[in-house]
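This report concerns only the one structure given below.
The values are calculated or read from the model by the stated rules, or taken from the named source; none is laboratory data. All of these numbers come straight from a predicted model, not from anything done at the bench. So basically every Cβ, Gly included, is an ideal-geometry build from the backbone, and we count neighbours across all protein chains shown.
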Amino acid sequence: MKFIYITLALSLTLLFSCKKDNNNTGTEYANEMYHSEAYEPLSQIVDEKNADYNSNPNNPYKMNMRKPVSNTLKINKFNPNFGNQGVIVPTTYHINKDSFELSGRTLKSPLKAKTTFLADSAILVEQGKVLYTNFCSHCHGETGQGNGAVGVVYKGVPSYSKGRVKTDTEGHIWHTITFGRNRMWSHASQINPEDRWKIVLYVQTLQNQE
Ligand code: HEC
């Protein structure tokens, strides 16, 4: 008899633990084990009375993210010319994104400012070529004629060795990669500033082809 009662109780429990709503997981045991409450690093709510209060008491200033290491620079404060004597531009990002002319005139490659440039330049151009192949050639084409597989469909991709683009200076090209230009998007989030200068070196070899 006891056995029947137990079976009945179990079946009823099973029956009623199912719900119609597909999104309802039903009653869960120790649900914090499955659904941890994530700290949102960039949306910290510090007001303790707020129901969504999510500040992390274990971090400095109860921040949700860790405190950046000392000397960390905001990305748009990065200065690739830091430490290079005789280079005037304080921070490339102080130049407005529409100021191609100013960049073209004032931005100088920090790679070229290195005294060892001539000895290393072939390696740098080679590295620039690899980066160019990964990030640019699908639009601009292997030889910079604007005929990459994507470029042909995307349309309006210029040749590096014709018209005005042939005379684009290093600063202008760097600025184009950093901020984009018209239909070309910015590549700043994908390529670090130094690598952008390496690409510039390679693009310059493509500008100078026949
Ligand atoms: C999605 C396709 C695409 C990709 C990827 C792309 N570009 Fe462009 N690029 C364009 C288009 C389109 C233009 C023409 C922009 C315009 O109308 O002024 C252009 C223009 C340029 C110019 C000429 C700017 C001027 O002065 O008119 C340079 C230099 C250039 N790109 C370099 C690069 C480099 C270097 C990369 C890789 C880091 C790259 N592009 C990646 C599409 C692309």
**OP:** Looking only at the stretch 105-123, decide whether some residue is near the ligand (Cβ under 9 Å from one of its atoms) and acidic (Asp, Glu).
**Re:** no
Original post:
For the stretch 182-200, how many residues meet the condition of being buried (at least 17 other Cβ atoms within 10 Å of the Cβ) and of a type outside the set (A, V, I, L, M, F, W, C)?
Top reply: 5
**OP:** Please enumerate the residues belonging to the stretch 194-210 that are within 10 Å of the ligand (Cβ to nearest atom) and β-branched (Val, Ile, Thr).
**Re:** Ile199, Val200, Val203
Subject >> Filter pass, Gly104 being of a type outside the set (Lys, Arg) and either under 25 Å from Trp185 (Cβ atoms) or modelled with pLDDT of 80 or more (or both) >> reply: yes
Original post:
Residues that are within 10 Å of the ligand (Cβ to nearest atom), assigned by TED's automatic domain parsing to the domain that holds Pro110 and within 24 Å of Asp98 (Cβ to Cβ): which helices (runs of 4 or more DSSP H) entirely in the stretch 129-193 hold 3 or more of them?
Top reply: 170-179
Original post:
Among all residue pairs at least 6 apart or on different chains, which show Cβ distances below 8 Å where the first residue, located in the stretch 120-134, is more than 19 Å from Gln145 (Cβ to Cβ) and the second is buried (at least 17 other Cβ atoms within 10 Å of the Cβ)?
Top reply: Ser121/Leu201; Leu124/Leu111; Leu124/Lys198; Leu124/Leu201; Gln127/Asp195; Gln127/Lys198
